[in-house]
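Everything on this sheet refers to the single structure shown next.
Each value in this text was obtained by applying a stated rule to the coordinates, not by laboratory testing. This structure is a prediction, so every number in the text was calculated from the model and none was measured. Note: ideal-geometry Cβ built from the backbone for every residue, glycine included; neighbour counts use all protein chains shown.
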Amino acid sequence: MTDRRADYERDGFLVLERFLDDASCDALIERAGEIVRAFSPETYSIFTTREQTRRTDDYFLESGDQIRCFFEEDAFDASGALVRPVEQAINKIGHALHDLDPVFARVSRDPRLAALAASLGLERPLLLQSMYIFKQPFIGGEVTSHQDHTFLWTDPPSAVGFWLALEDATLDNGCLWALPGGHAEPPRGRFHRTPGGGTAYEVLDERPLPEAGMVPLPAPKGTCIVLHGLLPHRSGPNRSPRSRQAYSLHVIDARAAYRADNWLQRRPELPLRGF
């Protein structure tokens, strides 16, 4: 555990293979499929990570304590018509799977994840956000370089991401890329709610996040990748015929102050809980 923490503090990430067994991965894949098959969209909410052009709506902003599905941009034609079956068009499910779905809750509160969080110095971890990411074949969208702290701001920074590969993540189907040591970079911006409604991206540092030196993080099924909240990371588009399904869980430290205008908010009746 000592070496693991030293590596994390040096690089800003860890790659832990065989963290989840195949049965746990398969259970999440099956459950995500059930959620999508039961999904009857009344609105088409599209997920994008281009911060300054992010399209937000009530469906997205009210998802912090819900289970909701979001579409891939490339699942629609120029007229806005859906051109793929729904089950092949969903980008992700978010953002409270860890609290509201028993299958995801079981994996999210696995004692090994709790021990891992403690080993990295999270004394009072709170499970804040969960996302099931499909990275659909042929149309899986690019995730541009970003810092999770931008979206999950605490004072001081405390967000940590646990990214679990449910299928093999490769260079061909859009594995993660990260900048070793990049968590020393200051935050470039902040995505937050505005007093009049909606959201804004506030530029804090006009310098682009560095891309030179980013390394790919291919991850066999069952791998857990830990990401510091200030670490620049990204993933490419998936133009291969194979999906790259993953489950992502973000944790913050209760000792840090979670800002009241962060985009992700929860109702008082569903407060944040630890492991």
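What ranking do 29, 139, 252 get, fewest neighbouring Cβ atoms within 10 angstrom at the top?
So the residues, fewest neighbours to most, are 29, 139, 252.
Find the relative contact order for the chain and round it to a whole percent, using C-alpha pairs within less than 8 Å whose residues are 6+ positions apart.
29 percent
Given the alpha-carbon gyration tensor of segment 135-272, what are the semi-axes of its equivalent ellipsoid in whole angstrom, ordered largest first, with each equal to the square root of 5 times an eigenvalue?
Taking √(5λ) for each Cα gyration eigenvalue gives 27, 18, 15 Å.
Give, as a single signed number, the net charge of other residues whose beta carbon lies under 12 Å from the beta carbon of residue 67, with Lys and Arg counted +1 and Asp and Glu -1.
-2
Is the shape of segment 2-252 rounded, prolate or oblate, going by the alpha carbon gyration tensor and its root eigenvalues a ≥ b ≥ c, with a/c under 1.5 for rounded and a/b larger than b/c for prolate?
Rounded.
If we count every other residue with Cβ under 15 angstrom of residue 181's Cβ, Lys/Arg +1 and Asp/Glu -1, where does the sum land?
With Lys, Arg at +1 and Asp, Glu at -1, the neighbours total -4.
Just from its helices, what would the mean residue ellipticity at 222 nm be for the chain, if runs of 4 or more DSSP H residues each count -39500 (n - 2.57) and the sum is divided by every residue, rounded to the nearest 500 deg cm²/dmol?
Computed ellipticity for the chain at 222 nm equals -5000 deg cm²/dmol.
Tell me which residues come under 5 Å, amide H to amide H, from residue 66 once H is placed; ignore anything under 5 positions away on its chain.
Those lying under 5 Å, H to H, from residue 66 are 95, 96.
With each label point set 7 Å from Cα along the Cα-Cβ vector, what nm distance links residue 202 and residue 171?
4.1 nm
Based on alpha-carbon centroids, what's the gap between segment 60-123 and segment 9-32 in Å, whole number please?
Each part's Cα centre sits 15 Å from the other's.
Picking from 243, 25, 114, whose Cα lies most toward the positive end of the charge dipole for segment 2-252 (charges on Cβ: Lys, Arg +1; Asp, Glu -1)?
114
Amide H neighbours of residue 233 under 5 Å, counting only residues 5+ apart in sequence or on other chains, H built in-plane at 1.01 Å?
Counting only residues 5 or more places away or on other chains, the set is 146.
Rounded to the nearest 20 debye, what is the charge dipole size of the chain about its Cα centre when +1 sits on each Lys and Arg Cβ and -1 on each Asp and Glu Cβ?
Rounded to the nearest 20 debye, it is 260 debye.
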